[in-house]
Amino acid sequence: MAVPSEAEVLSWFDDLSNWGRWGEDDELGTLNLITPEVRRQAATTVREGFSVSCAWEVPSRPGGLERVVTGVPMAPGMRMGYSTEQITAMTVHGYDATHLDALCHIFWDGKMYNGRPAELVSDGGAQALPITVARQGVITRGVLLDVAGARGVPWLEPSDGVVPEDLEVAEAQQGVRVGSGDAVLLRTGFGRYRQETGNLSVANSGVSQPGWHAAALPWLRERDVSVIGCDSANDVTPSGYAAIPLPVHIIGLVAMGLWLVDNCNLEGLAATALRLSRWDFHLAICPLALSGMTSSPVNPIATF
């Protein structure tokens, strides 16, 4: 396909915008597409009862958490002991931990989703669009689109962006179609790359990654997708657009109110889907109720 120009991508702030679609006070964005009926239909995808985690373990520094773990023996004569820990620092955003971005994560021209001013996010936390608006959980039908598998390669090369034609080829090969309210998980094979090369942190290999190309944004809007995830940090990097370096994050979060899960581990999910010949499933993403936060580590669970 012809790659959209930078001017065209920038025009999507207006053309793909969901501002006001669910009211001026809306903070849920595309989570509004997960209706009770969508949740009920998602439950019907549970047949075999197998569940699969789509998260990496949160690493210790760098790129993860600092923690103090202690084992405490009890006083003489006491048979019980215990261990405890204190997490003193943790990086949630970035290229390592599996996490859900809140809609307050990205600003453009001083605004967040639905026109909220960026000044509402400060050292005191997010006063608008925090991660806690999703505290009821993201419970919907998940669809895995294995583009690496559809192309017959172990993984897409860094800076290889996935476009609508790739998505529709994967749909046709897998016999599935993305619909309104679905969460779409995109497998580029980057998780397999991490495992086989030992480059478990992007810090070891730079920030060039495969992922969603900006060209996929109108497709996601047309299909009314509620959430996207990827085995990279979603945006293909580099994106090829100097004026808007992370278009999937910027247009997705700010204009569309589209929720993103970065850095999924989709290898186990892909293996299960292939074994069962089923590419849709019940998906549960439950962020921690962290007051005023712009993200949360998550462990997405797919159940077949």
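No lab work stands behind these numbers, since they all come straight from the coordinates. Quick caveat, the model's predicted, so the values are computed rather than measured. Backbone-built Cβ (ideal geometry, glycine too); neighbour counts: all protein chains shown.
Quick one: net charge of residue 178's neighbours, Cβ under 15 Å, K/R +1, D/E -1?
Details: positive: 141, 177, 187, 221, 223, 278; negative: 146, 165, 166, 168, 171, 182, 222, 224, 280.
Around residue 178, the surrounding residues sum to -3.
Packing-wise, with mean Cβ within 10 Å as the measure, how do 289-299, 176-186 rank, highest first?
On the way: 289-299: 18.2, 176-186: 21.5.
Taking the mean over residues of other Cβ atoms within 10 Å, the ranking is 176-186, 289-299.
Quick one: 160, 15, fewest Cβ neighbours within 10 Å first, how do they rank?
On the way: 160 21, 15 12.
By the 10 Å Cβ count, ascending: 15, 160.
Figure the gain on full extension for residue 79 and residue 35 (residue separation times 0.36 nm, minus the Cα-Cα span) and round it to one decimal in nm.
Details: separation 44, 0.36 × 44 = 15.84 nm, distance 5.17 nm.
Here the answer is 10.7 nm.
Which of the three applies to the range 146-304, rounded, prolate or oblate, going by the alpha-carbon gyration tensor with a ≥ b ≥ c and a/c under 1.5 meaning rounded?
On the way: a/c = 1.16, a/b = 1.07, b/c = 1.09.
Rounded.
Looking at the range 1-53, which trypsin sites (Lys or Arg not before Pro) are in a loop (DSSP not H, G, I, E or B) and have at most 16 other Cβ atoms within 10 Å?
Qualifying residues, ordered by number: 21, 47.
Test of understanding: what is the full-extension gain from residue 24 to residue 208, defined as 0.36 nm times their sequence separation minus their Cα-Cα distance? Provide the component values of the computation, followed by the final result.
Details: separation 184, 0.36 × 184 = 66.24 nm, distance 3.73 nm.
Once the chain is fully extended between residue 24 and residue 208, it gains 62.5 nm.
How much of the pair distance distribution for the chain lies past 32 Å, counting alpha-carbon pairs only, in percent? List each step's numbers first, then the result.
Values: 11647 of 46056 pairs.
Roughly 25 percent, rounded to a whole number.
So between residue 15 and residue 195, what do we pick up on full extension, going 0.36 nm a residue minus the alpha carbon distance?
Working: separation 180, 0.36 × 180 = 64.80 nm, distance 3.92 nm.
Computed gain between residue 15 and residue 195 is 60.9 nm.
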